[in-house]
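A quick write-up on the structure given underneath.
The values are calculated or read from the model by the stated rules, or taken from the named source; none is laboratory data. Bear in mind the structure is a predicted one, so any value in this text is a computation, not a measurement. Positions of Cβ are generated from backbone atoms using ideal geometry, with glycine treated the same way; all protein chains shown enter the neighbour counts.
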Amino acid sequence: MANIRDLAKMAGVSVTTVSRVLNHHPYVSEEKKKAVLEAIKATNYHKNINAVHLSKGKTKLIGVVLPFSDHPYFALLLKGIAKQALENNYKLVLFQTDYMESREMEALQMLEQKQIDALIICSRSCGLSIIKEHLQFGPIILCENMKGHQISSTFVNHYKIFFDALMYLYQKGHKTIGYCIGRKSGANSWNRDRAYRDFLKKYGLPYYPEYVFDQCFHFEDGEKVIDQIKKMDKPPSALLVTSDQVAAGIVICCQKHQIAIPGEIAIIGFDNEPISRMMNITTVEIPLVEMGENLFRQAVSGEISNHEISVKLIERGTV
């Protein structure tokens, strides 16, 4: 495959002249420009895009790590990221990990190898020490509170959100409250668990481990939750559900089994997805598209910043 030197030799011009023609520099004579263009056509020359990126120090590619592409939470984050990428002429490289650390490492290695300019990790399984080891290779942005760590982040305060939602249920008369999460590991899940235990301690309420339901990601997981609750001698009277999809699944399953909502069990979902509006589910609104937009801006700025996103409770008919 021809290179710039080959083109210069064929056209009888300098390498600098060829470079100027390739980069549409205005100060090249028509005669020399014609000779270079004829050499390009004869050799079917194409720019080595990797060499161009190397010379400019930018690929215009941003990596995005997310565990699932079909989960509404991550789809809305991605929507915000993609919106800003389009407006700023960037392309995205998606890494769907299913929470496999090896796949996150592939994304970090691409950052190390300068194949992407920055990396946005929407939810991680890698340890924080591994993330910090790779900061020298480019910006890494997380969706959790990274204040004090010299890592950029856009996040919501999961401890406060959870505690406030528990207080809301308590003030509505609920003393036996459970919650549903996607996974028990992870910084955000740890903060939710801490808020839950602090809430129980504050009001002298017992901790029942069976009231914590994990692996709740999708609509159909709502049936699993209700199946477990039906087997309990003392079931919870209310549930915090960290996904509107799962909350909707619980509501449908309750209707199927003639379990009254909110009479027998109250439900609070999270994210204020369209399904929560359609099914009149009380929920915590998290502006995920706005979060995604800010994650992108942090990725391209290269400056360390931590941005907390505000949320609000949307009161509907399930509490």
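The table below gives the values:
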quantity	calculated
Those residues of region 191-205 which are part of a loop (DSSP other than H, G, I, E, B) and either surrounded by 12 or more Cβ atoms within 10 Å (Cβ to Cβ) or in contact with a His (Cβ under 6 Å, 6 or more places away or on another chain) (or both), in sequence order	Leu205
Unmet criterion (only one of (1) in a helix (DSSP H, G or I); (2) surrounded by fewer than 21 Cβ atoms within 10 Å (Cβ to Cβ)) for Ile304	(1)
Some residue of region 277-294 being in contact with a His (Cβ under 7 Å, 6 or more places away or on another chain) and more than 27 Å from Asp227 (Cα to Cα)	yes
Segments classed as helices (runs of 4 or more DSSP H), wholly inside region 72-190, with at least 3 members that are within 22 Å of Ile304 (Cα to Cα) and without any contact (Cβ under 8 Å) to a residue 40 or more places away in the chain	101-112, 128-133
Residues that are surrounded by fewer than 18 Cβ atoms within 10 Å (Cβ to Cβ) and not in a helix (DSSP H, G or I), drawn from region 1-27	Met1, Ala2, Asn3, Gly12, Ser14, Asn23, His24, His25, Pro26, Tyr27
Where a residue in region 43-68 is in a loop (DSSP other than H, G, I, E, B) and its partner, wherever it lies, is at pLDDT below 65 and of a type outside the set (Gly, Ala, Ser), with Cβ under 6 Å and at least six apart	Thr59/His53
Odd one out for Ala266 among (1) within 20 Å of Lys175 (Cα to Cα); (2) touching a Ser or Thr at 6+ places or on another chain (Cβ under 9 Å); (3) assigned by TED's automatic domain parsing to the domain that holds Phe163; (4) free of Cβ contacts under 8 Å to residues at least 60 places away in the same chain	(4)
Pairs with Cβ under 7 Å, 6+ apart, first in region 298-314 and polar (S, T, N, Q), second outside any helix (DSSP H, G or I) and at pLDDT 95 or above	Gln298/Ile141; Gln298/Ser152; Gln298/Thr154; Gln298/Ser305; Ser305/Ser152; Asn306/Ser152; Asn306/Ser153
